[in-house]
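Asker: Quick one: structure below, then a few questions.
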């Protein structure tokens with residue numbers, strides 16, 4: 001079941017930005033998305049390590065390009081969310097393959113998928129809401145807030161890195 | 001950790017690009033990644049506290065026999081959402097059934113059981129630790145602990161059955177056995193004639209001799225059969241550990257030692273064992289099943305080794321063996337060993353050498369080649385000369401091509417000692 005879901009998510013990760021670019025007439029950007037998606041599907045089938053991380057960066061970059069080209073690229077947040085989900089499911093599947101399949105493993109699988117669904121839904125809603133809102137800020141305030149955000153994020157990431165083994 | 005760095009890099013990248021281009025859409029794209037990180041942080045696991053016990057279905061088995069391993073793991077910490085439990089198997093074991101790893105959700109106080117079956121060649125196998133990695137559901141934060149879960153089992157060598165091995169040490173012990181003792185008394189084999197003593201059965205009377213001496217009666221005397229002291233010496237020097245086609249000459253030597261120990265102990269003899277390789281490992285003499293078990297366990301653990309001191313047999317501690325007892329050496333032999341073995345004979349020890357043939361062992365796997373064939377013939381001649389010189393020194397030799405059973409080789413080489421070869425005291 002997990003493998004099937006992963007294939008579907010990878011397929012959608014490639015389809016949505018390709019469709020988004022195609023609908024705005026940016027065919028030279030749509031075709032590479034399709035190619036990357038096909039590559040990712042083949043790489044997943046062959047269990048190539050590290051490919052998922054590369055594809056995550058590639059599709060987030062594609063979403064970024066889409067947002068830069070058009071402010072109303074509503075397909076961009078789903079691209080990021082689906083790319084994150086596919087990257088996560090690939091890693092999770094690899095971890096499950098280390099162990100014997102059992103009733104307990106299926107329970108872990110089920111809970112993981114529900115958790116991912118919840119996180120993906122929440123992050124998609126927030127991203128769409130953020131894209132839809134318009135705030136007028138001074139350059140200085142915007143830069144200051146940005147600097148604070150980056151500083152805060154650094155602290156959080158450092159703390160998280162210490163927490164993890 | 002790598003995944004965390006990647007996500008952090010993506011968030012920073014998107015924020016910086018968004019700020020640089022004053023594009024709010026880029027900042028919005030960073031939100032899903034931040035939510036993902038936040039969810040992982042909220043559900044980050046505590047350090048797992050687990051109580052692990054291990055059960056093994058046997059603590060001693062024969063080679064390649066299956067052993068079932070059962071681990072019981074009790075969670076004494078909070079809920080662990082995604083736990084990978086890996087039992088670290090000792091090297092050399094082969095997995096037959098089941099898996100030593102499991103990925104589970106472990107609520108508090110829940111007991112998880114992992115069962116699998118392994119087998120392995122001769123040796124001692126020790127289980128030490130179980131690695132437990134707890135992670136959140138999104139796999140960003142991991143806590144890894146190594147918990148002690150000791151357990152061990154020993155795989156004994158095979159013991160091919162051997163018929164009685166004919167030995168004749170100069171000195172025997174007092175107990176009744178199967179070895180002719182060079183002393184007259186109750187027995188089976190005719191030993192000599194002596195004067196009649198009160199109590200001798202009538203059937204012992206030698207009428208022919210008695211007829212020659214009218215005033216005296218003579219009885220037959222028989223050779224007593226007793227047990228003896230036997231010292232087994234297994235040559236565990238690295239140079240004799242030849243490998244070919246997945247087979248090892250040393251393993252044949254180990255099995256031969258096990259068979260000999262079994263045969264001698266079965267006949268009631270007192271058997272000791274010495275392994276000579278990287279060091280000396282000495283097993284005190286003993287009788288019966290307990291000694292057999294000790295010898296098999298020692299053989300299960302023995303490994304070849306290299307040592308500059310014990311490179312030749314010069315340092316063989318002969319004082320460990322009772323004087324004039326039987327020494328059985330299991331070794332492929334080399335020319336440098338000749339002097340030591342002759343010295344052993346000079347000290348009065350009876351020597352029996354079981355020598356696995358290394359040339360036949362390697363020759364069977366080597367490709368047909370004129371140079372190799374010539375080299376093999378030269379090596380065979382040198383070996384034949386060495387064995388001949390040992391025979392001349394009075395040692396009994398069993399030149400054993402290991403593709404044949406040891407029983408056949410022993411029977412062919414030793415058989416029954418002819419009467420004329422038996423010295424009488």
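Asker: Can you list residue pairs whose Cβ atoms sit under 7 Å apart, with the first residue in the range B:357-381 being assigned by TED's automatic domain parsing to the domain that holds residue B:243 and within 15 Å of residue B:242 (Cβ to Cβ) and the second being modelled with pLDDT under 85 and assigned to a helix (DSSP H, G or I)? Count only pairs 6 or more apart in sequence or on different chains.
Answerer: B:366/B:372; B:376/B:363
Asker: Of everything in the range B:284-308, what is more than 19 Å from residue B:227 (Cβ to Cβ) and touching a residue at least 12 places away in the same chain (Cβ under 8 Å)? Give them in sequence order.
Answerer: Residues satisfying the conditions are B:296, B:297, B:298, B:299, B:300, B:301, B:302, B:303, B:304, B:305, B:306, B:307.
Asker: Take the residues in the range A:120-138 that are facing chain B (nearest Cβ under 9 Å) and modelled with pLDDT under 70; name whichever of them is farthest from residue B:25 (Cα to Cα).
Answerer: A:135
Asker: For the range A:97-116, which residues satisfy the criterion of being at the interface with chain B (Cβ under 8 Å from one of its Cβ atoms), more than 20 Å from residue A:56 (Cβ to Cβ) and not in a loop (DSSP other than H, G, I, E, B)?
Answerer: Initial filter on the range A:97-116 (at the interface with chain B (Cβ under 8 Å from one of its Cβ atoms)): A:98-100, A:102, A:104-105, A:107-108, A:111-112, A:115-116.
If we keep only those that are more than 20 Å from residue A:56 (Cβ to Cβ) too, we end up with A:98-100, A:102, A:104-105, A:107-108, A:111.
A:104, A:105, A:107, A:108, A:111, listed by residue number.
Asker: Sticking with this structure for a sec: Return only the number of the condition from (1) surrounded by fewer than 20 Cβ atoms within 10 Å (Cβ to Cβ); (2) within 30 Å of residue A:133 (Cα to Cα) that residue A:38 does not satisfy.
Answerer: Checking residue A:38 against (1) surrounded by fewer than 20 Cβ atoms within 10 Å (Cβ to Cβ); (2) within 30 Å of residue A:133 (Cα to Cα), the one that fails is (2).
Yes/no matrix, rows are residues, columns are (1) in contact with a strand residue (DSSP E or B) (Cβ under 8 Å, 6 or more places away or on another chain); (2) more than 7 Å from chain A (Cβ to nearest Cβ); (3) surrounded by fewer than 21 Cβ atoms within 10 Å (Cβ to Cβ); (4) outside any strand (DSSP E or B):
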| residue | (1), (2), (3), (4) |
| --- | --- |
| B:41 | no, no, yes, yes |
| B:45 | yes, yes, no, yes |
| B:55 | yes, yes, yes, no |
| B:61 | yes, yes, yes, no |
| B:64 | yes, yes, yes, yes |
| B:74 | yes, yes, yes, no |
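Asker: Which of the residues that make up the range B:118-143 are within 14 Å of chain A (Cβ to nearest Cβ) and either within 36 Å of the chain's Cα centre (by Cα) or closer than 30 Å to residue B:255 by Cβ (or both)? Step through it out loud before you land on a result.
Answerer: In the first step, residues of the range B:118-143 are kept if they are within 14 Å of chain A (Cβ to nearest Cβ); the result is B:130-143.
Within the range B:118-143, B:130, B:131, B:132, B:133 meet the criteria.
Asker: Select from the range A:53-96 the residues that are more than 9 Å from every other protein chain (Cβ to nearest Cβ) and more than 30 Å from residue A:132 (Cβ to Cβ) and list them in ascending order.
Answerer: A:54, A:90, A:93, A:94
Asker: With the requirement that a residue be assigned to a helix (DSSP H, G or I) and farther than 16 Å from residue B:276 by Cβ, what does the range B:212-248 give you? Talk me through it step by step, then tell me what you get.
Answerer: Filtering the range B:212-248 for residues assigned to a helix (DSSP H, G or I) gives B:212, B:238-240.
Scanning the range B:212-248 gives a single hit, B:212.
Asker: Being facing chain A (nearest Cβ under 7 Å), under 18 Å from residue A:146 (Cα atoms) and free of Cβ contacts under 8 Å to residues at least 60 places away in the same chain is true for just one of B:31, B:6. Which residue is that?
Answerer: Values: B:6 fails: under 18 Å from residue A:146 (Cα atoms).
None of the others qualify; the one that does is B:31.
Asker: Quick check on this structure: which one of B:129, B:197, B:164 is touching a helix residue (DSSP H, G or I) at 6+ places or on another chain (Cβ under 9 Å) and either assigned to a strand (DSSP E or B) or not assigned by TED's automatic domain parsing to the domain that holds residue B:54 (or both)?
Answerer: Unique residue meeting the criteria: B:164.
Asker: Now a separate question. Tell me the residue from B:78, B:92, B:98 that is at the interface with chain A (Cβ under 10 Å from one of its Cβ atoms) and either surrounded by fewer than 16 Cβ atoms within 10 Å (Cβ to Cβ) or free of Cβ contacts under 8 Å to residues at least 24 places away in the same chain (or both), please.
Answerer: Details: B:78 fails: at the interface with chain A (Cβ under 10 Å from one of its Cβ atoms); B:92 fails: at the interface with chain A (Cβ under 10 Å from one of its Cβ atoms).
Answer to the check: B:98.
Let's see how each residue does on (1) in a helix (DSSP H, G or I); (2) under 30 Å from the mean Cα position of the chain (by Cα); (3) modelled with pLDDT of 90 or more:
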{"site": "B:383", "(1), (2), (3)": "yes, yes, yes"}
{"site": "B:390", "(1), (2), (3)": "yes, yes, yes"}
{"site": "B:397", "(1), (2), (3)": "no, yes, yes"}
{"site": "B:409", "(1), (2), (3)": "yes, yes, no"}
{"site": "B:412", "(1), (2), (3)": "yes, yes, no"}
{"site": "B:417", "(1), (2), (3)": "no, no, no"}
{"site": "B:420", "(1), (2), (3)": "yes, no, no"}
{"site": "B:423", "(1), (2), (3)": "no, no, no"}
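Asker: Among the residues in the range B:98-112, are any more than 21 Å from residue A:90 (Cα to Cα) and touching a helix residue (DSSP H, G or I) at 6+ places or on another chain (Cβ under 8 Å)? Quick ask: steps written out before the conclusion?
Answerer: Just the residues of the range B:98-112 that are more than 21 Å from residue A:90 (Cα to Cα), to begin with: B:98-100, B:106-112.
Still in the list and also touching a helix residue (DSSP H, G or I) at 6+ places or on another chain (Cβ under 8 Å): B:112.
Checked against the condition, which is being more than 21 Å from residue A:90 (Cα to Cα) and touching a helix residue (DSSP H, G or I) at 6+ places or on another chain (Cβ under 8 Å), the range B:98-112 yields at least one hit.
The values are calculated or read from the model by the stated rules, or taken from the named source; none is laboratory data. Everything numeric here is computed off the predicted structure, so don't read it as measured data. Using ideal geometry, Cβ is built from the backbone for each residue, glycine included, and neighbour counts are taken over all protein chains shown.
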